[in-house]
């Protein structure tokens, strides 16, 4: 029988939390949905201190006993139309061996609690169009495609690398 699940707001100064964050993010990065390649040595060495230096970023970890099994990294942005913060869910990780147990939904509930504490007007996220399992979960949790006026269509997430 699995141990109870514990959710914690990551303390980037806590070595156990820092190690769990890097391990889980690397697990995600190596998955096809995360790009299929491990984190770079640079990211491994500097990510936690870089997150800690930005008070508008927070992370939530899920532990089963001492084992880290889930992670969400979230970044506060700002909605100019609402004149309030918003929270973008940037990374969602559940260890492959623990998927289908409701861990992501529990992580999302904690992120929503933090977002409300911060006065956020909404949560946002990006999902790959072929990641049907994740998309199905997000729809079940109340997310939908972003649109203002249906006649203008749905928003597309775009990127441009800056070297």
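The values are calculated or read from the model by the stated rules, or taken from the named source; none is laboratory data. Treat the numbers as computed from the prediction; the structure is a model and nothing was measured. Neighbour counts are summed over all protein chains in view; Cβ atoms, including those assigned to glycine, are modelled from backbone coordinates with ideal geometry.
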Would you confirm whether or not the range 122-130 contains a residue that is surrounded by 12 or more Cβ atoms within 10 Å (Cβ to Cβ), out of contact with any strand residue (DSSP E or B) (no Cβ under 9 Å at 6 or more places or on another chain), part of a loop (DSSP other than H, G, I, E, B) and touching a residue at least 40 places away in the same chain (Cβ under 8 Å)?
yes
Any idea how many residues of the range 76-120 are at negative phi, in a loop (DSSP other than H, G, I, E, B) and in contact with a helix residue (DSSP H, G or I) (Cβ under 9 Å, 6 or more places away or on another chain)?
3
Residue check for residue 95: closer than 23 Å to residue 143 by Cα and either touching a strand residue (DSSP E or B) at 6+ places or on another chain (Cβ under 6 Å) or at pLDDT 95 or above (or both)
yes
Among the residues of the range 149-163, which ones are part of a loop (DSSP other than H, G, I, E, B) and under 19 Å from residue 124 (Cα atoms)?
149, 153, 154, 155, 156, 157, 158, 159
Residue match in the range 143-150 (condition: buried (at least 17 other Cβ atoms within 10 Å of the Cβ) and touching a helix residue (DSSP H, G or I) at 6+ places or on another chain (Cβ under 7 Å))
no
Give the number of residues within the range 102-121 that are touching a residue at least 12 places away in the same chain (Cβ under 8 Å) and surrounded by 14 or more Cβ atoms within 10 Å (Cβ to Cβ).
12
Enumeration of residues in the range 3-30 that are surrounded by 14 or more Cβ atoms within 10 Å (Cβ to Cβ), in contact (Cβ under 8 Å) with a residue 12 or more places away in the chain and part of a loop (DSSP other than H, G, I, E, B):
10, 12
Failed criterion for residue 94 (all others in (1) over 14 Å from the mean Cα position of the chain (by Cα); (2) closer than 24 Å to residue 131 by Cα hold):
(1)
What do you reckon, is residue 33 surrounded by fewer than 18 Cβ atoms within 10 Å (Cβ to Cβ), in contact (Cβ under 8 Å) with a residue 24 or more places away in the chain and part of a loop (DSSP other than H, G, I, E, B)?
no
How many residues are without any contact (Cβ under 8 Å) to a residue 60 or more places away in the chain and exposed (fewer than 12 other Cβ atoms within 10 Å of the Cβ) if we restrict to the range 51-86?
8
